[in-house]
1. Those residues that are of a type in the set (S, T, N, Q), surrounded by fewer than 22 Cβ atoms within 10 Å (Cβ to Cβ) and within 21 Å of the chain's Cα centre (by Cα), I need them from segment 37-67; list them, please.
2. Do we have residue 102 as surrounded by fewer than 17 Cβ atoms within 10 Å (Cβ to Cβ), aliphatic (A, V, I, L, M) and either within 24 Å of residue 30 (Cα to Cα) or touching a strand residue (DSSP E or B) at 6+ places or on another chain (Cβ under 6 Å) (or both) here?
3. Given the condition over 25 Å from residue 56 (Cβ atoms), assigned by TED's automatic domain parsing to the domain that holds residue 37, part of a loop (DSSP other than H, G, I, E, B) and within 18 Å of the chain's Cα centre (by Cα), answer yes or no: does some residue in segment 109-117 qualify?
4. Out of everything in segment 8-52 that is among the hydroxyl-bearing types (Ser, Thr, Tyr) and assigned to a loop (DSSP other than H, G, I, E, B), what residue ends up being farthest from residue 76 (Cα to Cα)?
5. Under 9 Å between Cβ atoms, which residue pairs at least 6 apart in sequence (or on different chains) link something in segment 135-164 that is touching a residue at least 60 places away in the same chain (Cβ under 8 Å) with a partner that is assigned to a loop (DSSP other than H, G, I, E, B) and among the basic types (Lys, Arg)?
6. When only residues in segment 119-141 that are part of a loop (DSSP other than H, G, I, E, B) and at pLDDT 95 or above count, which is nearest to the chain's Cα centre (by Cα)?
7. For segment 154-164, state whether one or more residues are charged (D, E, K, R) and within 16 Å of the chain's Cα centre (by Cα).
8. Collect the residues in segment 79-108 that are free of Cβ contacts under 8 Å to residues at least 12 places away in the same chain, of a type outside the set (S, T, N, Q) and not in a loop (DSSP other than H, G, I, E, B), keeping them in residue-number order.
Amino acid sequence: MRALSIVVVSHNAKAVLLACLGRLWQHYPEAEVIVVDSGSSDGSAEAVQEGFPQYRLIRSQNRGYPAAVNQGLAACTRDYLVQMNSDVYLEAGDLEALWQAARAEPKAALVGPTLVTPQGRLQSFGPLYAPYYWNLRAPRAVAWISGALTLMPRAAYEAVGGMDERFFFYNDDLEWCARARRKGWRVLLVPRRVLHLGGSSTPKDPRFLAEGYRGGLLFSRDYFPALHGLHRKVVWLEAHLRIRLDPDPIRKAGYGLILNKINEGDLDTPFLP
């Protein structure tokens, strides 16, 4: 599809990335593809240069997913901008479904599919997201969609902007969708099932768990200040209980990190890299 620019972000996931790019070349050979490698040390960038010289490669320090996405989006030249994780495996027709939904809704800013696991189950993003899937037979306006794969018309990108780089890895999609909606745009979930492996760039590191909580607190502080105090107390209590009861030392360490962050009152500094 000549109308599409596709940004693929990857970090230390060479095999998964190459499989992803192979599918893009098979199904979308006319698209502009930009690969942003976020400081990989596994030879990912070199493998892309060798195996897919037709694609533009941007080597970047690992400053988080939003920063990598923004670098890629800034380099796009087409009318519809797709950003995706390297562990999203596309089939023919997947991006067409998103593109058609965006064209049918002039105020669509972010359009995403229903993601499925390798086992064929709908991917869970928590109880607040689950109702979006219920009886979904046509594109539906929702509060937010997963940032694993989104399509954005250029007009919406110019009006809304890219991802918020204060979020390192989690909650960036939540903030992006909330900002788009506050600016009068719509977020659409499309009943097109797309395979998402999930977790390909997420190591077992307590900072990743803590970063998820930090991003959530940052989001509530900026978008729901009246509820932020309660949210902070709930996370503080959960962290204490998890530290006491959780048998996993990695998770226990992560809860200790977010507890320290709350006690210090510093939500703006990420735990990573």
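The values are calculated or read from the model by the stated rules, or taken from the named source; none is laboratory data. For clarity, every value in this text was computed on a predicted model and none was experimentally measured. No Cβ is skipped: glycine too gets one built from the backbone with ideal geometry, and neighbour counts run over all protein chains shown.
1. Of everything in segment 37-67, those that are of a type in the set (S, T, N, Q), surrounded by fewer than 22 Cβ atoms within 10 Å (Cβ to Cβ) and within 21 Å of the chain's Cα centre (by Cα) turn out to be 40, 60, 61, 62.
2. For residue 102, the condition - surrounded by fewer than 17 Cβ atoms within 10 Å (Cβ to Cβ), aliphatic (A, V, I, L, M) and either within 24 Å of residue 30 (Cα to Cα) or touching a strand residue (DSSP E or B) at 6+ places or on another chain (Cβ under 6 Å) (or both) - is not met.
3. yes
4. 41
5. 154/78
6. Ranking the qualifying residues of segment 119-141, first place goes to 139.
7. Yes, because at least one residue in segment 154-164 is charged (D, E, K, R) and within 16 Å of the chain's Cα centre (by Cα).
8. 103
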